[in-house]
Amino acid sequence: MSIEKLKGIVLKEYQSGESSKKIVVLTGEKGKINLTVKGGKNTKSKHLATTQMFCYSEFVVYEGRGFNSVTSTEIIESFYSLRNDINKLSYSAYIMELLEKTVFESMNCEEVLKLTLKTLWIIAKTDIDVLLAVSIFEIKYLQLSGFFDEGDRCSCCGNYIEGEAFFCSDDGGIICGKCKKSANRVFALLEGTYKVINYVLKSNDNRLFSFKVSDEVRCQLRLILEDYVAEHIGQNFYTLAFAKSCTAEEL
């Protein structure tokens, strides 16, 4: 039994008992961690504002036998402005669900946490195209998680891409014209889409969101990345379905 101080972002919250709640937090040093917030659903709780989804907070945690209980919290960033735009809110919620379903406990997630905070800040504080921001996040997160190979090499044969590039979720991403002949469910990549994927894979977080794309490239990015996540993660993301319905209503 010990007391530990952690910084992390709340991925999920749900009720536990009449007035308490449990939260799932992404931390840099411990990966995903489940915490109990006693009285956290009470409107007068001192932890109410610091333990909501999207909140990046500092937690003082009591580690007991089989449970981790929050004893005090201090908010660092709430990303509250996400709640003022349904598209920003719904797609940010999808990012939280993606992380909650794919990050493991006791794994180093320093880079993933930095990426997540950077992405939420960009979505909340700027006028960036939300769909582009989500696509950038997915590419970089899949790379950090080991799901994406180098963008300038064929994921099948390993040779450098020469000429037209293709995308196949079954075969690990970008493939060359030769390997395309034996692949299933292949997308011919637009030149702009291929450049975006390569740029994101090779960029650091300071330059990650520093570009714009055409509508055609944005749509193809969504098409291939949703297909890739579905193939390799194997989960249903209810927040994504809701976010897409909100986007469709605005079109």
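The values are calculated or read from the model by the stated rules, or taken from the named source; none is laboratory data. Values in this document were obtained by computation on a predicted structure and should not be read as measured data. So basically every Cβ, Gly included, is an ideal-geometry build from the backbone, and we count neighbours across all protein chains shown.
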Considering only residues that are more than 24 Å from I123 (Cβ to Cβ) and either without any contact (Cβ under 8 Å) to a residue 24 or more places away in the chain or assigned to a loop (DSSP other than H, G, I, E, B) (or both), which ones fall in the range 45-65? S45, K46, H47, G64, R65
Return the residue satisfying two criteria in turn: it lies in the range 71-110 and is in contact with a Lys or Arg (Cβ under 9 Å, 6 or more places away or on another chain) and free of Cβ contacts under 8 Å to residues at least 40 places away in the same chain, and of such residues it is farthest from F242 (Cα to Cα). S72
Within the range 79-86, is there a residue that is touching an Asp or Glu at 6+ places or on another chain (Cβ under 7 Å), loosely packed, with under 15 Cβ neighbours inside 10 Å and either assigned to a helix (DSSP H, G or I) or of a type outside the set (F, W, Y) (or both)? no
Looking only at the range 222-239, count how many residues are over 14 Å from the mean Cα position of the chain (by Cα) and of a type in the set (V, I, T). 1
Matching residues in the range 1-39 - criterion: being in a strand (DSSP E or B), farther than 21 Å from F104 by Cα and small (G, A, S): S2, S16, S20
What are the residues in the range 187-230 that are in contact with a Leu (Cβ under 8 Å, 6 or more places away or on another chain) and of a type in the set (K, R), if any? K212, R218, R222
Just to check your reading of the model, which residue among E150, E164 is modelled with pLDDT under 95, touching a helix residue (DSSP H, G or I) at 6+ places or on another chain (Cβ under 6 Å) and either assigned to a loop (DSSP other than H, G, I, E, B) or of a type in the set (V, I, T) (or both)? E164
Return yes when A183 is closer than 15 Å to I224 by Cβ and touching a helix residue (DSSP H, G or I) at 6+ places or on another chain (Cβ under 7 Å) and no when it is not. no
Breaking point among (1) outside any helix (DSSP H, G or I); (2) of a type in the set (S, T, N, Q); (3) under 9 Å from the mean Cα position of the chain (by Cα), for S92: (1)
